[in-house]
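**Q** My questions will all concern the structure given below.
The values are calculated or read from the model by the stated rules, or taken from the named source; none is laboratory data. Model, not experiment: these values are computed from the prediction. Here the Cβ is made from the backbone with ideal geometry for all residues, glycine too, and neighbour counts use every protein chain on show.
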Amino acid sequence: MNTKTDTSKLPTKKPRLALFIATAGGLGYFPKAPGTLGSLAGLALAVAVVPLWLGLSLFTDLHLKFGIWRSVDVVLAIQVAVTLLIAGLGVWSANRASEFWHIKDPQRVVIDEVSGQHLTLLLGCAVPVWWRVPEHWGQTVYTPLGAASWSSPFNWKYLLLGFLLFRLFDIWKPAPARQAESLPGGWGIMTDDWVAGIYAGIGLWLARAAGL
């Protein structure tokens, strides 16, 4: 008599935290264009860094430790940290979601779009156009939408173009994005969007260099 348990038929405990992250707080469950919503979340994440830091500085001494007179570009440092954090959480959560739903690349997983879109804006705006005079958003008289670094403000043109370029490359998936989908687990889900983000970031940087 075979008493060995078939573990493949046992119920799998729902990884709630992983699914929450993988679906970008539930955006992935929307029936229409969840990837577009994920991209918008990545855009909002990039924009939110400066207001959050400025707000936090009002109640702490962060502005004294990391003020603009220091050598550290705190805005850029935070954006890079966010990029790495979302990438790491994305690989982990996407892998858990894929295993739970038994689908290699579930449509409901949109953390890859969040990560790729954020990467687009970071590369497209933070990399300096070295032959131009930097535009420090702190010296302007208006409240900026946000910034990728202290000398790289976002404006509606950068945000719109960065969004459109990333969606284009994410759908098109030029090499090696398509090939990256064959990577195992969460790496395959995330890497193709990073490739799309790099392509889109280069396009955005070229537009800035051309005077956009």
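**Q** Just give me the residues in region 166-189 being surrounded by 23 or more Cβ atoms within 10 Å (Cβ to Cβ), closer than 14 Å to Ser39 by Cβ and not aromatic (Phe, Trp, Tyr), in sequence order.
**A** The one that is surrounded by 23 or more Cβ atoms within 10 Å (Cβ to Cβ), closer than 14 Å to Ser39 by Cβ and not aromatic (Phe, Trp, Tyr): Asp170.
**Q** Now, a different point. Which residue, of Asp73, Asp61, Asp105, is at pLDDT below 90, surrounded by fewer than 21 Cβ atoms within 10 Å (Cβ to Cβ) and touching a Ser or Thr at 6+ places or on another chain (Cβ under 8 Å)? Even if it seems obvious, please write down each step before you answer.
**A** Values: Asp61 fails: touching a Ser or Thr at 6+ places or on another chain (Cβ under 8 Å); Asp105 fails: at pLDDT below 90.
Step by step, each of Asp73, Asp61, Asp105 is checked, and only Asp73 is at pLDDT below 90, surrounded by fewer than 21 Cβ atoms within 10 Å (Cβ to Cβ) and touching a Ser or Thr at 6+ places or on another chain (Cβ under 8 Å).
**Q** Quickly run through region 154-176 and pick out the residues that are farther than 17 Å from His118 by Cα and assigned to a helix (DSSP H, G or I).
**A** Trp172
**Q** List the residue pairs whose Cβ atoms are under 8 Å apart, where the first residue sits in region 190-212 and is in contact (Cβ under 8 Å) with a residue 24 or more places away in the chain, the second is of a type in the set (Lys, Arg) and in a helix (DSSP H, G or I), and the two are 6 or more positions apart or on different chains.
**A** Between residues of region 190-212 that are in contact (Cβ under 8 Å) with a residue 24 or more places away in the chain and residues that are of a type in the set (Lys, Arg) and in a helix (DSSP H, G or I), the close pairs are Asp192/Arg178; Leu212/Lys157.
**Q** Within region 24-42, identify whether any single residue is of a type outside the set (Lys, Arg), over 16 Å from Leu119 (Cβ atoms), at pLDDT below 95 and in contact with a His (Cβ under 8 Å, 6 or more places away or on another chain), and answer yes or no.
**A** For region 24-42, residues of a type outside the set (Lys, Arg), over 16 Å from Leu119 (Cβ atoms), at pLDDT below 95 and in contact with a His (Cβ under 8 Å, 6 or more places away or on another chain): absent.
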